[in-house]
Amino acid sequence: MADLRKEIEKRRTFAIISHPDAGKTTLTEKFLLYGGAINLAGSVKGKATARHAVSDWMQIEKDRGISVTSSVLQFEYDGYCINILDTPGHQDFSEDTYRTLMAADSAVMVIDASKGVEAQTRKLFKVCVMRKIPIFTFINKMDREARDTFELLDDIEKELGIATCPINWPIGSGKGFQGVYDREKKCVIAYFDTEKGTKEGTSTEIPIQDEEHLKELIGEDAADKLLGEVELLDGASAEFDLDEVQKGNLTPVCFGSALTNFGVEIFLKHFLNMTTTPLPRKADIGMINPTEHEFSAFVFKIQANMNKAHRDRIAFMRICSGKFDANMEVRHVQGNKVMRLSQPQQIMADERKILNEAYAGDIIGVFDPGIFSIGDTLTTAKPFKFEGIPTFAPEHFARVRQVDTMKRKQFMKGMQQIAQEGAIQIFQEYNMGMEEVIVGVVGVLQFDVLKYRLENEYNVEIRMDNLPYEHIRWIENEDINMDKIVGTSDMKKIQDLKGRPLLLFVNSWSVGMVLERNEGLVLSEFGRE
Ligand code: G4P
């Protein structure tokens with residue numbers, strides 16, 4: 001028992017969120033480097049190789065046009081067992097990216113210092129807020145000309161509505177970036193001899209009060225600027241309060257450069273110190289505590305068709321309590337079946353390791369013969385169900401029809417299976433039946449995946465007509481009379497397969513207009529189970 005507790009308490013499971021190109025991959029690589037999980041050679045050999053080595057799924061999958069999904073990286077550092085959940089960006093952005101955040105206990109937000117908060121960060125941030133998980137900010141690329149530091153913090157506070165608390169403060173930016181000032185220790189850490197891909201170079205640490213040496217170390221102008229900023233900052237910024245951090249109301253902020261290894265390890269240490277052990281999780285029988293409950297897990301992602309010849313799927317689950325042992329029998333609650341999980345594996349990019357055991361906080365992938373759905377619960381204890389995973393707002397919509405009307409059955413079967421895996425969402429016109437299907441996706445790549453898979457796996461050719469809608473809202477009011485909703489000219493009433501009403505909009509401002517026109521109407525960007 002003591003061992004179980006020790007194993008679970010050393011785990012830290014988090015996702016990294018950022019806009020593409022902010023430096024998420026580079027930062028992840030540096031974390032792995034500190035943890036000794038990748039060697040120097042892999043990282044300095046050229047970024048292309050290094051990047052594929054850690055964060056990408058199998059190339060074949062990419063070539064086939066199948067969505068590249070999140071992978072999990074596990075490594076040890078300083079007595080911690082760290083699980084990093086990769087959230088795919090670029091054109092791979094999909095509902096899976098959001099769902100990954102449902103499996104994390106905290107998030108690291110990477111922001112490009114020359115850009116501030118960007119679109120994709122904003123979207124992912126909303127999911128973290130919904131879950132009230134702690135968020136830690138790393139302002140990256142300080143080795144390039146950066147925006148004013150106060151302005152960057154202001155941007156986060158205004159754009160995202162979260163208070164910020166700088167843990168350290170950058171000394172200059174671009175060519176003049178020399179290191180950081182540690183606010184707790186009240187000392188300046190200046191770097192020398194750092195090299196791309198290597199560990200942090202030598203650093204010199206001196207107390208900020210030692211003005212004479214400070215000026216020698218970083219130059220008179222930089223020292224004056226720093227002293228002025230620190231004075232201003234101490235008077236203006238939010239007090240550090242770990243409780244507020246853990247509730248997700250306050251984000252600690254560190255500055256650095258992932259590429260040149262300025263401030264990465266400092267950030268990692270602060271982060272690990274402040275972040276949380278695996279969190280309890282809500283279920284229909286109350287909160288499930290990771291250390292005080294038998295094995296339980298929930299499915300947060302289903303990766304289809306990893307091996308086309310076998311049409312197999314991998315279900316990814318987050319272990320929420322207890323210990324997983326490859327030989328044990330578990331109950332799939334939704335399917336009401338007791339089973340042995342087949343081929344449990346830890347998936348590290350393109351490498352898969354068969355597992356014998358895993359603990360609360362860990363992510364495992366198991367072979368799925370087509371029985372699991374997103375949100376399902378597995379446990380060795382008396383059956384209960386974890387709170388479901390919400391459906392996230394798609395941003396692209398298309399009307400989909402099968403070309404050959406005789407293939408209606410295969411078409412619907414394929415659509416429903418692909419929707420069950422969570423790759424697409426299916427809707428229908430309000431009060432119109434399933435004559436035509438409206439498909440919603442988070443990332444446009446999913447449209448290609450849908451077309452490809454229907455043709456290849458179900459032998460159905462489809463026609464897709466894009467629809468102009470970009471915003472979807474679930475109606476939270478129970479017993480709503482859809483006919484009475486006063487809409488706007490760009491609004492469309494639809495329903496999901498369970499008959500729940502939704503609204504589609506072309507313009508975001510129409511959402512506000514419809515709320516104004518219909519008193520008491522409650523709209524949500526997340527679809528509850
Ligand atoms: P992502 O995963 O968030 O999409 O970003 P990624 O780490 O791939 O980094 C995006 C680009 O930004 C890369 O350049 C990377 O080298 C660069 N980068 C990351 N961190 C820093 C940093 O701290 N400072 C600077 N100056 N650049 C950084 P690229 O042009 O895509 O590749 P490369 O040609 O530079 O290798």
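Which residues, taken from region 427-460, are part of a loop (DSSP other than H, G, I, E, B) and not aromatic (Phe, Trp, Tyr)?
Within region 427-460, ASN431, MET432, GLY433, MET434, GLU435, GLU436, VAL442, GLY443, VAL444, ASN459, VAL460 meet the criteria.
Kindly indicate whether GLU184 is of a type in the set (Asp, Glu), touching a Phe, Trp or Tyr at 6+ places or on another chain (Cβ under 6 Å), at pLDDT below 95 and open to solvent by 30 Å² or more (accessible area, probe 1.4 Å).
Spelling it out, it is not the case that GLU184 is of a type in the set (Asp, Glu), touching a Phe, Trp or Tyr at 6+ places or on another chain (Cβ under 6 Å), at pLDDT below 95 and open to solvent by 30 Å² or more (accessible area, probe 1.4 Å).
Could you say whether any residue in region 204-224 is farther than 30 Å from GLY527 by Cβ, within 16 Å of the ligand (Cβ to nearest atom) and open to solvent by less than 40 Å² (accessible area, probe 1.4 Å)?
no
Checking the condition modelled with pLDDT under 90 and either open to solvent by 10 Å² or more (accessible area, probe 1.4 Å) or within 27 Å of LEU152 (Cα to Cα) (or both), which residue from THR121, THR97 passes?
Answer to the check: THR97.
Answer yes if at least one residue in region 12-24 is modelled with pLDDT of 50 or more, part of a helix (DSSP H, G or I) and near the ligand (Cβ under 9 Å from one of its atoms), and no otherwise.
yes
From the list VAL338, VAL330, exactly one residue is at pLDDT 90 or above, buried (at least 20 other Cβ atoms within 10 Å of the Cβ) and not in a loop (DSSP other than H, G, I, E, B). Which is it?
The unique qualifying residue is VAL330.
Considering only residues that are within 25 Å of GLU476 (Cα to Cα) and open to solvent by less than 50 Å² (accessible area, probe 1.4 Å), which ones fall in region 382-394?
The answer is PHE386, GLY388, ILE389, PRO390, THR391, PHE392, ALA393, PRO394.
Looking only at region 25-56, how many residues end up being open to solvent by 30 Å² or more (accessible area, probe 1.4 Å), among the polar types (S, T, N, Q), within 14 Å of the ligand (Cβ to nearest atom) and at pLDDT below 80?
Result for region 25-56: 1.
So for region 412-422 (the condition being surrounded by fewer than 22 Cβ atoms within 10 Å (Cβ to Cβ), assigned to a loop (DSSP other than H, G, I, E, B) and among the polar types (S, T, N, Q)), does at least one residue qualify?
Checked region 412-422: no residue is surrounded by fewer than 22 Cβ atoms within 10 Å (Cβ to Cβ), assigned to a loop (DSSP other than H, G, I, E, B) and among the polar types (S, T, N, Q).
When both residues are 6+ apart or on different chains and their Cβ atoms are under 6 Å apart, which pairs have a first residue that lies in region 271-283 and is open to solvent by less than 20 Å² (accessible area, probe 1.4 Å), and a second that is among the aromatic types (Phe, Trp, Tyr)?
PHE271/PHE136; LEU272/TYR80; ALA283/PHE384; ALA283/PHE386
I'd like the full set of residues that are open to solvent by 30 Å² or more (accessible area, probe 1.4 Å) and either within 19 Å of VAL460 (Cα to Cα) or in contact with a His (Cβ under 7 Å, 6 or more places away or on another chain) (or both), limited to region 395-411.
Scanning region 395-411 gives ARG399, ARG401, VAL403, ASP404, THR405, MET406, LYS407, ARG408, LYS409, GLN410.
The values are calculated or read from the model by the stated rules, or taken from the named source; none is laboratory data. Note that the structure is a prediction, hence the values are computed from the model and not measured. Reconstructed Cβ throughout: ideal geometry from the backbone, glycine too, with neighbour counts over all protein chains shown. Ligands, DNA and RNA are stripped out before the accessible areas are found, and what is left, the full protein with its side chains, is counted by its heavy atoms. Shrake-Rupley method; radii C 1.70, N 1.55, O 1.52, S 1.80 Å.
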